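So the structure is just underneath, and the comments pick up after that.
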Amino acid sequence: MMPSLIIALREYRQLTSTRSFWITLMAIPLLIGFLGVLPSLFSQPPGNAYLVLDRTGAYADRIASRVEFAYQRSNLRQIIGYAKECHVVPAEPDAAWAPDGQWLNDDVVERFIRDGGVPAALAEIDRNRAPDSLPFRPSPRRFLAADVPPDIGKDLSAEGFRDAIKPYLDGKIATSQGNLPLMLAIYIPPDFGKPGASLSIWTNGRADFDLINLINGEIGRVLRADAAAEAGLQRSQAASIEWAGVPISLISPAPENGANRLVIKSILPLALGYLLLMTVIVTGTMMLQGVIEERSNKLVETILSCVSAQQFMCGKLIGVGAVGLTILVAWIGCAVGGGLYLGHEIISAFHVSLAGLQSPIAILSLIFYFSTGYLSTSIVFLTIGAMSDSMQDAQGYLMPLIMLLSGPFVALIMILVNDPDSSLPVILSWIPLYTPFAMLARLGIGVSPAEIIGTAALMMLFLIGEFVLLGRVFRASLLRTGQPPRLLTLLRLMRPEGA
Amino acid sequence: MTALVFDAVTKRYGTVTAVDGISFVVPEGGITGFLGPNGAGKTTSLRMALNITAPTSGRISLLGLPPGRAASMRVGFLPEERGLYRRMTALDSVVYFGRLKGMTKSEARSAGRALLDRLGLGSSLSKMVDSLSKGMAQKVQLAASLVNAPQLVLLDEPFSGLDPVNQAVLEEIIIDIARNGATVMFSTHVMQHAERLCDRLILLSSGRKIFEGSQQEARQQLPPSLSLVSRADPTTLPGVESAVARSEEAGWTEWYVRLQPRADPDDILEACFAQGIVLRRFEPYRPSLHDIFVHLVGADQRRHAQ
């Protein structure tokens, strides 16, 4: 086996046996797991119940149908999104779920329900979608009506109802979907609608204002219709005035060029850029500690009597590269697994991101920029390790280096998200220290082949120069003792030996 | 065939000349002492021989090869400042360095096991270096430098940091290595080890070679001397350069007699008998390596200072 590979193997074994490696490796999976558990820790269980004691008998059904109508509206919104993801357009151009950006007013929702709702739309989408697209997952109902429990009299006064309902507000109530927390209890007195009579609502302290607004809007609508009828209008005329919808068309950016689309397409490349930064810093610091240990343990001279400084350097870079690759594969594996587990939206974002990276040039570029970025930054960490007698010495170089690397990268992310046409990402693409990060971040939104070739050539030249110059510093510093070299000494060490 | 050749080798670090045009030859077999005071250039010379650092000028040859990987696979090296990976077992440490010297894993493993066993560490093969005593760790490092059965063994200050018992053990190991046919060269500034072990000596001072040869040739570098007690003045005897009276008691004088170069003390004794000089004591003085070292290095440094 080549000496560099023997050194790489030892390096890999040593680094992967450290506690910090495993902590780093587990950091992202734990974060994904935490993100998965977090909503269930803080959000209410799906579905909440509401109860209406309608002494007039005129409102309870209206409220129930309005809540159902709101649920159908959310279904329609979801179906439209799903049809877009599956690139399915309804055969009927006027279908409610046609992705033409129409405002989902009551007319459109009614048409959707009339045409068969989710089952009908889904049947058409399923017939036309690609086999590998993900299945539709309808959202559960947020609000479910509860029947008045047998122990609550239907002729209670408001005060009586308040007292009777209290145990249910503190706990759960039976619904068609099982026992659910009672969020809202509404009491409509027998004389409701007459002057002085008022409706009472009790909550469990965690009421959803969407539901309150729905109930308020529906009752108001009935009252206004009654008032219009009393004013001489026929009930049907009053209803048609009440239900008149504003014809609004919603114009969003076109799917291929819109800002949101650009952000989604950049998710994977940006994430790769971020992972590159993270793995480089984590493994670079591990490698740096390893070199400092070899120096302080006086191992270097023994090693250099067996292999050349270049072989030693290459071995360490290969070893740490393998460690970085292990971390990266584990993180990406966990991210994909977590995405599959956590949700449809994350997977669809990945689909969109991958769509921009399906050409061989894009994939090769991705691999090239990631590897060269990893290598060029690792060499710097390795050289810092060779120049330092202790971590304290190394800190003097490390902090500026990490700031130098991460500062522009953070700015790059912000700019790409807020202003994809800014010139800063392009400028950073031509500065070799930032080329891999900037190009990885930009690959998703499309970069010209000329720019890829130009920056790749510059990056290769930079890498060769870095390998030669920092290789000299590495070799000269390994057996050096005393304070880390100052800038002038550093420049002198970059000259060929004997020059 | 020669084991090591230095031909007009110079090493400069900026304005400092660490090694100044030294030339010497170490023949195959035997033990050579590489002597000199601190800062004489011993470690730099060894580093150049091992290709750890390149000479500014001159030529080096090890076992007929230039310094490099091919040569290092046939060389064993024990550096002055010793160290091992703390979280590696004794056997794995030896195997690792064996593999770096081109051995296969199984070769390195079996050679390492045998060597550690021979050094008395057979029961500590799987112990972490962290848990070994300093003496044991030094033996592990010695095993790591010998695992490839080297033809040339370079030891840089091998006795430093060892207690007297382990120094004696190391002396035996060095003799053993040489007996098995390898060439050993070790640097030291403790002359007793060199005196006991070395067939040949190379002496450096301030980066220059000031002596190369056998111990006998080294002793000849000092003018011969003797001490005698007589009633007569020995100054006029043939071969005597000077005589200084040190003490006198009841007519008998103790003389420190310095002989002319290459004069033999036995000839002086014979001349005493021939001239009827009555002797009460006659004691030729055999200079130690320490005396030779002090004499040669002192003279060189005085010369250098002028």
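I'd like to check one number: the per residue accessible area of segment B:225-286, probe 1.4 Å, reported in Å² as a whole number.
65
How large is the accessible surface of A:TRP22 in square angstrom, using a 1.4 angstrom probe and rounding to the nearest 10?
130
Once you've got the GNM for chain B with C-alpha springs shorter than 10 Å, pick whichever of B:ILE268, B:ILE174, B:ILE292 has the biggest mean-square fluctuation.
Among B:ILE268, B:ILE174, B:ILE292, the largest GNM mean-square fluctuation belongs to B:ILE268.
Quick check: at a probe of 1.4 Å, how many percent of the accessible area of segment A:46-252 sits on carbon and sulfur atoms?
Numbers: 6110 of 11580 Å².
Its accessible area is 53 percent carbon and sulfur atoms.
For chain B, what does the alpha-carbon gyration tensor say about shape, rounded, prolate or oblate, given a ≥ b ≥ c as the root eigenvalues, a/c under 1.5 as rounded, and a/b over b/c as prolate?
Numbers: a/c = 2.85, a/b = 2.00, b/c = 1.43.
Prolate, because a/c is 1.5 or more and a/b exceeds b/c.
Which entries in the list B:LYS11/B:LYS209; B:LYS101/B:LYS127; B:LYS11/B:LYS42; B:LYS42/B:LYS139; A:LYS298/B:LYS134 go over 19 Å, if you measure between the two C-alpha atoms of each?
B:LYS101/B:LYS127; B:LYS42/B:LYS139
Tell me which lysines have Cα within less than 26 Å of A:LYS194's Cα, excluding those fewer than 8 residues away on the same chain?
Hits, sequence-local ones excluded: A:LYS154.
Could you sort the residues of segment A:269-318 by number and keep only those whose accessible area is reduced by 50 Å² or more in the all-protein-chain setting relative to the chain alone, 1.4 Å probe?
When all protein chains are present, A:ASN297, A:LYS298, A:LEU299, A:GLU301, A:THR302, A:SER305, A:CYS306 each give up 50 Å² or more of accessible surface.
Nearest 10 degrees is fine. How inclined is helix B:105-118 to the longest principal axis of chain B, computing both from alpha carbons?
Tilt relative to chain B: about 40 degrees.
What is the percent carbon and sulfur in the accessible area of segment B:2-218, measuring with a 1.4 Å probe over the protein chains and ignoring ligands?
On the way: 4180 of 8310 Å².
The C+S portion of the solvent-accessible surface of segment B:2-218 is 50 percent.
Put a dot 7 Å past each Cα toward the Cβ at A:GLU92 and B:GLN220; how far apart are the dots in nm?
Here the answer is 12.0 nm between the modelled labels.
Enter the Cα centre distance for the pair segment B:64-105 and segment B:280-302, rounded to the nearest angstrom.
Answer, in whole Å: 39.
Taking R0 as 51 Å, what's the FRET efficiency between A:SER359 and A:ARG495 from their Cβ-Cβ distance, rounded to 0.05? Don't jump to the answer; show the numbers that get you there.
Working: r = 44 Å, r/R0 = 0.85.
Rounded to the nearest 0.05, the efficiency is 0.70.
Hey, what do the phi angles of segment B:202-210 turn into as Karplus ³J(HN,Hα) couplings, whole Hz, using 6.51/-1.76/1.60 and θ = phi - 60°, x for Gly and Pro?
10, 10, 10, 8, 6, x, 10, 7, 10
Give me the extension gain from B:ALA168 to B:ASP117: residue separation times 0.36 nm, minus the current Cα-Cα distance, reported in nm with one decimal. Numbers along the way, then the final one.
Numbers: separation 51, 0.36 × 51 = 18.36 nm, distance 1.79 nm.
Length gained, B:ALA168 through B:ASP117: 16.6 nm.
Rounded to the nearest 10 Å², what accessible area does B:ARG281 have for a 1.4 Å probe in the complete protein model?
100
Taking all pairs of different Cα atoms in the protein assembly as shown, averaging 1/r and flipping that mean, what Kirkwood radius in angstroms comes out? All intermediate terms of the calculation are to be shown ahead of the outcome.
Working: mean 1/r = 0.0285 Å⁻¹.
One over the average 1/r among Cα pairs gives 35.1 Å for the protein assembly as shown.
Would you grab the residues whose amide H sits under 5 Å from the one on B:GLY58? Only those 5+ places off in sequence or on another chain, please, with H modelled 1.01 Å from N.
B:THR10
Accessible area per residue, 1.4 Å probe, Å², for segment B:2-218: what's the number?
Working: 8310 Å² over 217 residues.
Value for segment B:2-218: 38 Å² per residue.
Would you pull out the residues with amide H under 5 Å of B:SER225's amide H, same chain only if 5 or more places away, H placed 1.01 Å from N?
Those lying under 5 Å, H to H, from B:SER225 are B:LEU259, B:TYR285.
Top to bottom by accessible area (1.4 Å), largest first, where do B:ILE173, A:ILE165 land?
On the way: B:ILE173 20, A:ILE165 0 Å².
Final ranking, largest accessible area leading: B:ILE173, A:ILE165.
Give me the accessible area buried between chains A and B, both sides summed, with a 1.4 Å probe, in Å² rounded to the nearest 100.
On the way: alone 26400 and 15210 Å², together 39210 Å².
So the total buried area for this chain pair works out to about 2400 Å².
Which whole-Hz ³J(HN,Hα) couplings does segment A:270-283 yield from phi under the Karplus relation 6.51 cos²θ - 1.76 cosθ + 1.60, θ = phi - 60°, glycine and proline marked x?
5, 5, 5, x, 5, 4, 4, 4, 5, 5, 4, 5, 5, 6
Going through segment A:430-499, which GluC sites (Glu not before Pro) have at most 16 other Cβ atoms within 10 Å and a DSSP loop state?
Hits after loop and neighbour filter: A:GLU497.
Enter the angle in degrees (range 0 to 90, nearest 10) between the Cα long axis of helix B:265-274 and the first principal axis of the Cα atoms of chain B, meaning the one along which they spread out most.
20
So what does B:THR15 come to for accessible area, using a 1.4 Å probe and Å² rounded to 10?
Roll a 1.4 Å probe over it and B:THR15 shows about 140 Å².
About its Cα centre, how strong a charge dipole does segment B:10-138 have in debye, to the nearest 20, once Lys and Arg get +1 and Asp and Glu get -1 at the Cβ? Working shown, then result.
Details: 18 positive and 8 negative charges, 64 e Å.
Dipole size: approximately 300 debye.
Please identify every one of the trypsin sites (Lys or Arg not before Pro) in segment A:89-188 that sits in a loop by DSSP and has no more than 15 other beta carbons within 10 Å of its own beta carbon.
Numbers: sites: A:ARG111, A:ARG114, A:ARG127, A:ARG129, A:ARG141, A:ARG142, A:LYS154, A:ARG162, A:LYS172; in loops: A:ARG129, A:ARG141, A:ARG142, A:LYS154.
Qualifying residues, ordered by number: A:LYS154.
Which far-off residues, 5 or more places away or on another chain, put their amide H under 5 Å from the one on A:THR175, with H placed in the peptide plane?
Here the answer is A:LEU180, since their amide H atoms fall under 5 Å of that of A:THR175.
For peptide B:77-85, compute the average count of partner chain beta-carbon atoms within 10 Å of each residue's beta-carbon.
Values: counts 5, 3, 9, 2, 8, 5, 11, 4, 7.
The shielding value for this peptide is 6.
Lys/Arg Cβ at +1, Asp/Glu Cβ at -1, dipole of the protein assembly as shown taken about the Cα centre: which of B:VAL94, A:MET439, B:LEU197 is farthest positive-ward?
B:LEU197
Got a sec? Which residues of segment B:42-58 lose 20 Å² or more of accessible surface with every protein chain in place, vs. that chain alone, 1.4 Å probe?
Listed in order, they are B:ARG47, B:LEU50, B:ASN51, B:ILE52, B:ALA54.
Relative to the longest principal Cα axis of chain B, at what angle does helix B:164-179 sit, 0 to 90 degrees, rounded to 10?
80
When the Karplus curve 6.51 cos²θ - 1.76 cosθ + 1.60 is applied with θ = phi - 60°, which whole-Hz ³J(HN,Hα) does each residue of segment B:27-34 get, with x for Gly and Pro?
Using θ = phi - 60°, the values come out as x, 5, x, x, 10, 10, x, 10 Hz.
Leaving ligands, DNA and RNA out of it, rank A:HIS87, B:HIS189, B:HIS290 by accessible area with a 1.4 Å probe, largest first. Write down the numbers at each step before the final one.
Details: A:HIS87 145, B:HIS189 85, B:HIS290 105 Å².
Sorted by accessible area, descending: A:HIS87, B:HIS290, B:HIS189.
The values are calculated or read from the model by the stated rules, or taken from the named source; none is laboratory data. Here the structure is a predicted model, which is why all the values come from computation and not from measurement. Cβ: placed from backbone, ideal geometry, glycine included. Neighbour counts: every protein chain shown. The area values use the complete protein model at the heavy-atom level, side chains included, leaving out ligands, DNA and RNA. Shrake-Rupley method; radii C 1.70, N 1.55, O 1.52, S 1.80 Å.
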